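The values are calculated or read from the model by the stated rules, or taken from the named source; none is laboratory data. Bear in mind that the values here come from a model prediction, so they are computed numbers and not experimental data. Every residue, glycine as well, gets a Cβ built from its backbone with ideal geometry; the counts of neighbours run over all protein chains shown. Please note that ligands, DNA and RNA were not included when accessible areas were found on the heavy atoms of the full protein model with its side chains. Shrake-Rupley method; radii C 1.70, N 1.55, O 1.52, S 1.80 Å.
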Amino acid sequence: MNRTDRPRGARTVPRREVLISGAGIAGPALAFWLNRHGYAVTVVERAPTPRGGGYPVDVRGTALDVVRRMGILPRLRDAHIDLRRLTFLEGDGGEVASLHPHHVTGGVTGRDLEVRRGDLADALYAAVRDDVEFLFDDSVAALEQSGHGVDVTFRGGGGRTFDMVFGADGLHSSTREALFGPEERFHHYLGHCFAVFTMPNTLGLSHETVMWNAPGRAAALYAVGDDGDVHAFLDFARREPPRDAFRDPEAQRDLLASVFADAGWEVPGMLAALRDADDLFFDAVGQIRMPRWSSGRAALVGDAAYAPSFLTGQGTSLALVGAYMLAGSLAHRDHATGFAAYEHDTRPFVTLNQELVGKGGATLFPTTPRALEERNDRLRGLTALPSAGGRPAHSALTLPEFTPRT
């Protein structure tokens, strides 16, 4: 078990101790705000160090106000990826249209951010690492609630009691499973599977994405910069998720090779690169929808509670906003009242953003020949594709001012 030093500036008055499981995006953001509101925070993360790399993510609308209040907006502005072009291709590789990405994402030039996930994670960790305790290379093995708190046993050995526990451990949250039961109860499959990996930038792409479509299949190359590697992306429609492949990378590679065997454009080269890729990520496209986000003294935040899927482009933003709202709701309340306020005030924003999924999917991944033809006709006839998301959902929540607890 690797521990950071205990937080600096210890108080003479004991603070309520809380545990956050997960040090990705939602976890450190929640740690920041809980610490600001007077809690003694511990974050446990199964990875040995903060996780870098990852696909680029968007920070839009209300979430921009969160990172501004955290003081990390200038750092994220410096890390902004200036994606300039999104090109759609037909099945034979011919160009359908080339647009600015914001016409599809609903983003606003000069305001919204797109950054590498690792850059955002680094900024969040730097903002909070001196003020909270981090336990890396460890995880929660068991938790048991009682009248006085939550008794936690760690996989690395030992146990501690916390006033509250928070699950910020992602789409496949083990905290959610421990509190509410199997993931299948809450995971809503959206009819697609996808794979992401890196490969050499053999096409010389620069600050752009090129997407090839056939009915029910898509392949894209995403160039963050001018050279080096590109992010390769494969998506395909499937009535039922291929559960047997989820824990077997070789089965994933075989499945993708079969699905895209007759695909054109650069897909054969992508499949060849896939065989050697050491960073393959494969999953089903889905949302987490729960009737409630808390149980006793424990609550969920981010993808663990309400993953919207990448089709909305709002997963990161919901994590940031949810962390702010959860911590603020607890500032001057007991856990039961605070959790109720968190759900009441945040759920409408979550629901509105989850509902973006249909628009994003129809634009990027038409599943029938007719739907693809209609999408391409719209692209050819317009200089700007109507937004897949739009500003109302991204900015539908105005952040309240929460007074720090003293």
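Answer yes if at least one residue in the stretch 268-285 is part of a strand (DSSP E or B), surrounded by fewer than 16 Cβ atoms within 10 Å (Cβ to Cβ) and among the aromatic types (F, W, Y), and no otherwise.
Yes, some residue in the stretch 268-285 is part of a strand (DSSP E or B), surrounded by fewer than 16 Cβ atoms within 10 Å (Cβ to Cβ) and among the aromatic types (F, W, Y).
Give me the pairs, please: first residue somewhere in the stretch 326-353 and acidic (D, E) and at pLDDT 95 or above, second residue anywhere and part of a helix (DSSP H, G or I) and open to solvent by less than 10 Å² (accessible area, probe 1.4 Å), beta-carbon distance under 7 Å, and either six or more positions apart or on two chains.
Every condition considered, the pairs that remain are D345/M325; D345/S329.
Give me a count of the residues in the stretch 238-255 that are crowded, with 18+ Cβ neighbours inside 10 Å, at pLDDT 95 or above and not polar (S, T, N, Q).
Summing the residues that are crowded, with 18+ Cβ neighbours inside 10 Å, at pLDDT 95 or above and not polar (S, T, N, Q) in the stretch 238-255 gives 2.
Being at pLDDT below 95 and at negative phi narrows it down to one residue among L311, L274, L300; which is it?
Selected residue: L311, the only one of L311, L274, L300 that is at pLDDT below 95 and at negative phi.
Kindly indicate whether F32 is among the aromatic types (F, W, Y), in a strand (DSSP E or B) and at negative phi. Can you show your working first?
Details: among the aromatic types (F, W, Y): yes; in a strand (DSSP E or B): no; at negative phi: yes.
Taking the combined requirement at face value, the residue does not satisfy it.
Answer with yes or no whether R292 is among the basic types (K, R), at pLDDT 95 or above, crowded, with 17+ Cβ neighbours inside 10 Å and more than 25 Å from F365 (Cα to Cα).
Considered against the rule, which asks whether it is among the basic types (K, R), at pLDDT 95 or above, crowded, with 17+ Cβ neighbours inside 10 Å and more than 25 Å from F365 (Cα to Cα), R292 comes out as no.
Only one of H231, H172, H188 is part of a strand (DSSP E or B), out of contact with any Gly (no Cβ under 8 Å at 6 or more places or on another chain) and not β-branched (V, I, T); which?
One residue alone meets the criteria, H231.
Can you list the helices (runs of 4 or more DSSP H) lying wholly within the stretch 44-141 that have 3 or more residues being buried (at least 20 other Cβ atoms within 10 Å of the Cβ) and modelled with pLDDT of 90 or more?
62-70, 117-128
Give the number of residues within the stretch 158-182 that are of a type in the set (G, A, S), open to solvent by 40 Å² or more (accessible area, probe 1.4 Å) and in contact (Cβ under 8 Å) with a residue 40 or more places away in the chain.
1
Among the residues in the stretch 209-221, are any over 20 Å from the mean Cα position of the chain (by Cα) and assigned to a loop (DSSP other than H, G, I, E, B)?
yes
Take G322 and decide whether it is free of Cβ contacts under 8 Å to residues at least 24 places away in the same chain, open to solvent by less than 10 Å² (accessible area, probe 1.4 Å) and in a helix (DSSP H, G or I).
Numbers: free of Cβ contacts under 8 Å to residues at least 24 places away in the same chain: no; open to solvent by less than 10 Å² (accessible area, probe 1.4 Å): yes; in a helix (DSSP H, G or I): yes.
So G322 does not fit the description; no.
Mind telling me which of the residues S317, S258, S309 ends up being among the hydroxyl-bearing types (S, T, Y) and open to solvent by 60 Å² or more (accessible area, probe 1.4 Å)?
S258
Taking G204 as meeting all but one of (1) at pLDDT 95 or above; (2) small (G, A, S); (3) open to solvent by 20 Å² or more (accessible area, probe 1.4 Å), write down the number of the exception.
(1)
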